[in-house]
Amino acid sequence: MKTKMTFILCLFLMLISCNNKTGISSLKCEMLTNPLGIDCLASRLSWVITGEERGIKQQGYHILVASSLELLDKEQGDLWDSGDVVSDQSIQVVYAGKTLSSRQTCYWKVKVSTTKGESSWSEPAYWSMGLLDEKDWQAQWIGLDRAFEWDNPDTQYTRLSARYFRKEFMTEKQMKKATLYLSGLGLYKLYLNGDVIGDQELSPTPTDYSKSIKYNTFDVTEQLLNGENAIGVVLGNGRFFSMRRRDNYYPPGHHWLYNVRNFGFPKMILQLEIEYTDGEKQVIVSDNTWNVTADGPIRSNNEFDGEEYDATKEMAGWNQPRFDDSIWLQADLTESPGGKLEAQINPNIRIMETIKPVGIKEQASGKYIMDMGQNMVGWLQMRVKGQKGDCVTLRFSETLNPDGSLYMANIREAQVTDKYTLKGGNEETWQPMFTYHGFRYVEITGYPGIPRLESFEGKVLYDEMETVGTFETSDSTINQIYKNAYWGIRGNYRGMPTDCPQRDERMGWLGDRATGSLGESFIFNNNNLYAKWLDDIEQAQLENGSIPDVAPNYWDAYNNNMTWPAAYIIIANMLYEQYGNSEPIAKHYASMKKWLDYMKENFMVDYLITRDTYGDWCLPPERPEIIFSEDPARKTDGLLIGTAFYYHLSNLMNGFATLLGKPEDAVYFSELSKNIRQAFNDKYLNKEVPQYSNNTVTANLMPLCYGMVPAEYEKEIFKQIVSKTENDFNGHVSTGLIGIQWLMRGLSEHGRADLAFRIATNRDYPSWGYMVENGATTIWELWNGNTADPAMNSGNHVMLLGDLVTWFYEYLAGIRNKQGCIGFSQIELKPYPVDGLNEVKASFLSPYGLIQSAWLKHGNDFQWDITIPCNTTARVCIPATTGDAITENNRNISEAEGIEFVGMEGEYAVFNVMSGSYHFVSSK
Ligand code: RAM
């Protein structure tokens with residue numbers, strides 16, 4: 001057993017308002033993740049200070065953690081009383097009180113002293129501990145380890161009906177509290193006395209179930225009845241009973257792509273703990289006293305192929321007391337899937353938005369095509385009235401054929417078909433439970449009568465994550481690209497970041513998110529999701545150190561390249577920089593090093609990497625119908641890419657080693673980097689021209705952005721990038737997934753933000769704007785996604801976003817960490833007001849609170865409104881020719897409170913600015 005890490009993150013956010021008059025005002029508390037059933041001992045506590053006055057800086061805090069609200073109200077921190085701590089730390093404060101035990105609820109509050117006075121105590125918040133020890137589980141795994149005559153699990157499209165479990169029990173006395181712990185694999189729906197518990201869908205989160213199994217915790221005190229009670233659980237297949245069975249349909253040796261890992265028939269573990277007011281306890285557990293049937297209404301459910309629901313098979317009252325289940329079967333006691341039972345910290349999937357379809361047409365007799373107006377991910381809810389036995393079939397696609405029918409070719413082998421058989425009588429409302437689709441269009445057949453728009457709703461499902469960013473500009477192309485990115489990113493959050501939501505793939509491809517995750521973090525609070533994904537990656541690591549390209553490893557994709565597994569290290573760094581979260585680095589450092597060592601031992605010769613799989617994946621090809629370019633001048637040597645990646649990762653590891661207090665490792669990585677850089681330049685830098693390798697943008701950009709180019713060649717190398725882009729590609733992108741990770745930042749950092757802007761606003765091939773021009777409402781897998789071979793041509797992939805979203809926030813809006821700082825404790829506000837763009841308005845809810853940047857060009861004036869959160873400071877770079885020509889709130893800036901002039905830096909006047917809101921005008 002692994003020892004428990006003391007760095008595990010649990011983030012709680014409190015908002016504390018300091019009113020400038022009294023120093024104290026309304027307090028608000030906000031929880032970011034489900035605070036129930038956490039299984040880390042060293043929770044991290046964060047709070048946000050808000051206030052109108054400028055220059056609010058925390059000077060100290062006092063945290064109280066109590067075992068009851070009453071004690072907390074009396075200001076007795078029996079679990080932890082931090083005392084008055086002189087510190088400006090207001091995020092990620094590690095709980096340092098009494099050792100916590102299973103099931104314990106911890107109530108806490110905090111007060112702070114600031115440069116502008118003291119706050120009062122915050123409103124209380126709480127978290128509760130889950131089941132920390134395997135011995136806390138008295139429940140057993142139960143299931144039904146077989147299929148039935150109506151199932152067909154052995155075909156290519158594994159068909160398996162949902163399993164319905166039930167258990168009745170009595171409560172005996174007055175109840176105080178009831179807590180339910182459940183893991184139902186692959187997916188569950190939980191009921192108590194007929195009511196659905198929780199609003200999570202498609203839960204729990206997917207993992208390698210042989211390594212780790214996540215359980216969810218519910219407070220069900222309100223739902224329990226005095227006397228008779230019934231629990232009902234429905235189990236779907238999810239990623240457990242797999243959509244394409246590796247052990248069955250496909251012969252061994254068949255390409256791994258088609259063999260999805262299978263974990264067995266669905267199974268569950270459930271424990272309900274009831275506390276009575278007299279102190280007695282009762283525990284209801286899953287065991288073989290539970291009854292089960294697979295002969296219910298969900299006849300088949302499969303994440304690729306859809307769900308079939310026969311309402312005539314409904315079993316009214318099955319999840320309530322006194323249902324006659326005499327013909328049901330007894331549940332089998334089954335083996336555990338093997339993984340460690342752990343509390344789920346990343347958010348569950350929920351219905352996050354409901355949209356209305358925008359059009360419907362009869363495309364052929366009885367066949368209707370409905371348009372959702374947006375390529376979305378989730379499912380359709382339908383209202384329908386008809387005869388018993390009528391069957392409505394729904395099929396889903398991203399685009400249409402010229403004749404108006406569904407274009408299915410790029411969905412590949414996924415059947416994406418939902419079927420609903422009516423029970424007849426009154427109007428019926430239905431939505432599936434255990435599948436999801438990526439679609440804009442729906443084909444409706446068999447609908448009794450004429451389907452009307454009002455009868456359908458699109459349910460948009462993704463991980464429940466706070467939207468933390470807003471971004472809008474005066475440029476409509478950029479706005480639409482941003483919107484497409486927003487829809488694409490959230491549609492691919494499913495407890496893991498998937499590559500796509502629609503075809504027979506939907507896997508957590510590492511390379512797609514290496515840099516994308518950073519841009520995404522400006523839009524969504526993705527801290528807990530990506531921290532969980534790093535655990536998935538670690539669990540997928542082989543004994544020898546190898547890391548696959550896909551995690552959880554439902555596919556057997558151990559290809560041993562640098563570029564995809566690199567996400568492991570790059571994303572840990574992102575979590576540290578964006579959230580100040582060092583826990584993933586501490587937790588994964590050893591495995592990261594093991595992987596790098598493995599790659600070095602096996603694939604590094606004379607400091608050069610000798611193996612690659614994907615090259616600069618999906619670069620814009622020369623002909624519209626092909627997926628992969630055949631033009632050697634467009635392609636970048638994969639070994640150059642791999643070696644540059646190793647260099648970059650080795651530098652990151654150097655930083656990690658220093659952070660973790662491992663000076664010897666730091667020296668090791670810094671030496672290694674030096675040697676790689678030397679070998680890389682010896683091999684790939686042609687000093688005569690100068691250029692790297694065959695002079696592609698990617699070949700020159702990577703060493704430039706990674707700091708590998710000898711100083712004397714930097715300018716020339718950058719010129720090559722510009723000239724290639726301007727002359728050979730007419731101001732268009734020429735990179736694939738690799739180069740795109742640095743393109744926009746690289747151009748802007750070296751003085752050509754205007755060229756980045758041109759690339760971002762192009763409407764012709766290849767560009768994001770070309771996708772928009774061709775009707776895309778998400779981002780395509782291929783630059784030529786409207787013409788290329790459907791074999792690999794998803795309409796909803798986010799990998800080609802590269803660093804675009806990061807560029808929107810960090811460069812156009814100019815919101816970023818000050819260099820060398822983390823978690824936005826110190827901010828740099830530095831916009832790049834390129835020609836052709838008149839206005840940018842952005843906000844970002846950082847760990848310290850809301851950062852805003854809104855600028856506008858007005859005649860010769862550059863007007864800029866910014867907000868810097870309390871307890872931070874900012875280095876503010878105002879576009880100006882001199883410092884004197886700037887006003888703040890209509891006064892000369894030198895008279896403004898909270899601002900100190902640092903000096904001129906190029907085209908910017910630089911100031912150190914305290915927290916608060918400011919209105920600048922800089923005149924030319
Ligand atoms: C495709 C995936 C993914 C990419 C891999 C290499 O099949 O969709 O986006 O990372 O290939």
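No value in this document is a laboratory result; all are computed from the given coordinates. Quick caveat: nothing in here was measured; it's all calculated off a predicted structure. Note: ideal-geometry Cβ built from the backbone for every residue, glycine included; neighbour counts use all protein chains shown.
Summary of computed values
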read-out: By average C-beta atoms within 10 angstrom, highest first, the peptides 595-607, 746-758; value: 746-758, 595-607
read-out: Mean projection area, nm², convex hull over Cα of region 709-858; value: 11.0 nm²
read-out: Under the Karplus curve 6.51 cos²θ - 1.76 cosθ + 1.60, θ = phi - 60°, whole-Hz ³J(HN,Hα) for region 321-330, x wherever Gly or Pro sits; value: x, 6, 7, 7, 10, 4, 8, 6, 9, 8
read-out: Calculated from backbone phi, Karplus (6.51, -1.76, 1.60) coupling profile of region 867-874 in Hz, x at Gly/Pro; value: 10, 10, x, 4, 6, 10, 9, 9
read-out: Computed over region 469-812: relative contact order in percent, which uses C-alpha pairs under 8 Å that are six or more apart; value: 21 percent
read-out: Cut-off under 5 Å, modelled amide H: who pairs with Ser846 long-range; value: Ile851
read-out: Mean shadow area of region 469-812 over all directions, Cα convex hull, nm²; value: 15.9 nm²
read-out: Three-way shape call for region 572-637 based on the alpha-carbon gyration tensor, with the a/c threshold at 1.5; value: oblate
read-out: Given charges at beta-carbon only (K, R positive; D, E negative), |dipole| of the chain in Debye; value: 80 debye
read-out: Distant alpha-carbon pairs in region 137-346 (separation over 26 angstrom), percent; value: 34 percent
read-out: Most to least packed among 634-640, 279-285 [average Cβ atoms within 10 Å]; value: 634-640, 279-285
read-out: For region 628-673, projected area of the alpha-carbon convex hull averaged over all directions, nm²; value: 3.9 nm²
read-out: Karplus-derived 3J(HN,Hα), 6.51/-1.76/1.60, for each residue of region 838-849, Hz, glycine and proline x; value: 9, 8, 9, 9, 9, 9, 8, 7, 7, x, 8, x
read-out: Chain lengthening between Leu659 and Lys388 when straightened (0.36 nm per residue, less Cα-Cα); value: 90.9 nm
read-out: Interchain or long-range residues, amide H under 5 Å from Gln415's placed H; value: Asp305
read-out: At q = 0.16 Å⁻¹, base-10 log of I(q)/I(0) for region 879-924 (Debye sum, equal scatterers on each alpha carbon); value: -0.36
read-out: Over 25 Å [Cα-Cα, region 351-463], rounded percent; value: 16 percent
read-out: Enclosed volume per residue, in Å³, of the convex hull spanned by Cα atoms of region 815-923; value: 91 Å³
read-out: Amide H partners (placed H, <5 Å) of Ile738, local residues excluded; value: Trp617
read-out: Paired Rg and Dmax values of region 297-431, which use every Cα atom, in angstrom; value: 19.0, 55
read-out: Percentage, to the nearest whole number, of Cα pairs in region 594-728 over 20 Å apart; value: 49 percent
read-out: Net length gained if the chain between Asp884 and Asn426 were fully extended (0.36 nm per residue, minus Cα distance); value: 157.4 nm
read-out: Estimated D of region 444-573 in µm² per second, where Rh is the Kirkwood radius over Cα pairs and Stokes-Einstein applies at 20 °C, 1.002 mPa s; value: 129 µm²/s
read-out: Whole-percent pair-distance distribution, where bins are 20 Å wide, for the alpha carbons of the chain; value: 13, 43, 36, 7, 0
read-out: Value of relative contact order over the chain, rounded to a whole percent, pairs C-alpha under 8 Å and six or more apart; value: 10 percent
read-out: Sequence ranges 858-868, 183-193, ranked by mean other-Cβ count within 10 angstrom, highest first; value: 183-193, 858-868
read-out: Cβ-based exposure ranking for Ile822, Ile878, Ile481, Ile360, in which fewest neighbours within 10 Å come first; value: Ile360, Ile822, Ile481, Ile878
